[in-house]
1. Determine the percent antiparallel among the DSSP beta bridges restricted to the stretch 143-254, to the nearest 5.
2. Tell me, what is the FRET efficiency for Ile268 and Leu89 to the nearest 0.05, using R0 = 35 angstrom and their Cβ-Cβ distance as r?
3. Label Thr295 and Glu103 with points 7 Å out from Cα along Cα→Cβ: what is the distance between them in nm?
4. Considering every pair of different Cα atoms, what Kirkwood radius, in Å, is found for the stretch 14-121?
5. Taking the Kirkwood radius as the inverse of the mean 1/r across Cα pairs, report the Rg/Rh of the stretch 92-228.
6. How big is the C-alpha Rg of the stretch 60-170 next to the rule-of-thumb value 2.2 N^0.38 Å, as a ratio?
7. Give the shape of the stretch 243-313 as rounded, prolate or oblate, defined through the alpha-carbon gyration tensor: a ≥ b ≥ c are the square roots of its eigenvalues, a/c under 1.5 means rounded, and otherwise the shape is prolate if a/b is larger than b/c and oblate if not.
8. Using Cα centres only, tell me the gap between the stretch 158-222 and the stretch 1-38 in whole Å.
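What follows is calculated from the coordinates using simple rules that are stated; it is not laboratory data. Everything quoted here is computed from the prediction, not taken from an experiment. Counting neighbours? That spans all protein chains shown, and the Cβs are built from the backbone with ideal geometry, glycine included.
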Amino acid sequence: MKNILITGATGQIGTELTMALRERYGADNVIASGLTNIPDAVIRAAGHFHFIDCTNKARIAEIVKRHDIDTIYHLAALLSAVAEDHPNLAWEVNVGGLYNVLEVARENNCAVFTPSSIGAFGPETPTVNTPQVTIQRPTSMYGVTKVTGELLCDYYHAKLGVDTRGVRYPGIISYKAPPGGGTTDYAIAIFIAALKEKKYTCYLKADTKLDMMYMPDALKAAIEVMEAEPKSLKHRNAFNVTAMSVTPALLAEEIRKHIPEFEITYEIDPVRQEIADSWPDKLDDTCARDEWGWTPSYDLSSMTADMLKNLSE
Ligand code: SER
């Protein structure tokens, strides 16, 4: 990895991944890009930033050539709740954008990291210890785009020789940049509300169990899967990765260990509840552990303590 391009660099993961990659590979070698009008000041100050709309293939190619890019971290995408509101745009960005990135990568010999998601699974998927390879059939537009992306990435590797890799992220919990309209966003909002108001109204039912991960582990997964020895990878794209399996009630209980007066109430959003109900409770990430040594550093208790400490500062 000499020169890296990140798309979606102003998003929740992109903001932090840009900084982590710059620390690891040098600020000049990591080119951030995004669509937002006011890119994160930190990202701009610390290195190159370009406006890239991933539905514009020529623009991606121009920046790849200009900076002699050999690795693309392609993060630009609509999350699940927003995708459900704007299904056409979700297809255009999540599938069209990825297709453009893969084509540019094929033409310019770049490796590509693309995140898939727990959203790539559906109601017929085994919910507990969800295997790496299993029935998917998602029912949300987000899921449809993610499965398509997984298959496209596999095809570009198997048939066209592009070094594609990726993970299926669970809900990502972080405090630096806000999430962009996902079903798992409650797991961040709950911390902010707990500190500010000592109470939170959750849009998912108390016992809705989903996989989650703290941002430092999400960054570690993205970096390690790209650095893995190719010959050790039997799967390449869409590795199941998880760190904890939580419900709103469990998260509230953990927060109460730090803020005893914290209260949670529930007002269910039917759209996000239906999406969450169609996703697994707990992924089996054995393949990631065996093939490239994946192991998370944060569990529910250490993540909660760290979130509250950082957010209160
Ligand atoms: N956090 C994402 C969402 O809720 C899942 O990949 O959309």
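1. Working: 3 of 8 bridges.
DSSP beta bridges in the stretch 143-254 are roughly 40 percent antiparallel.
2. That pair, Ile268 with Leu89, gives E of 0.85.
3. 4.4 nm
4. Numbers: mean 1/r = 0.0687 Å⁻¹.
Value: 14.6 Å, from the Cα pair sum.
5. That ratio is 1.01, to two decimals.
6. 1.09
7. Oblate.
8. Taking the Cα centre of the stretch 1-38 as reference, the centre of the stretch 158-222 is 19 Å away.
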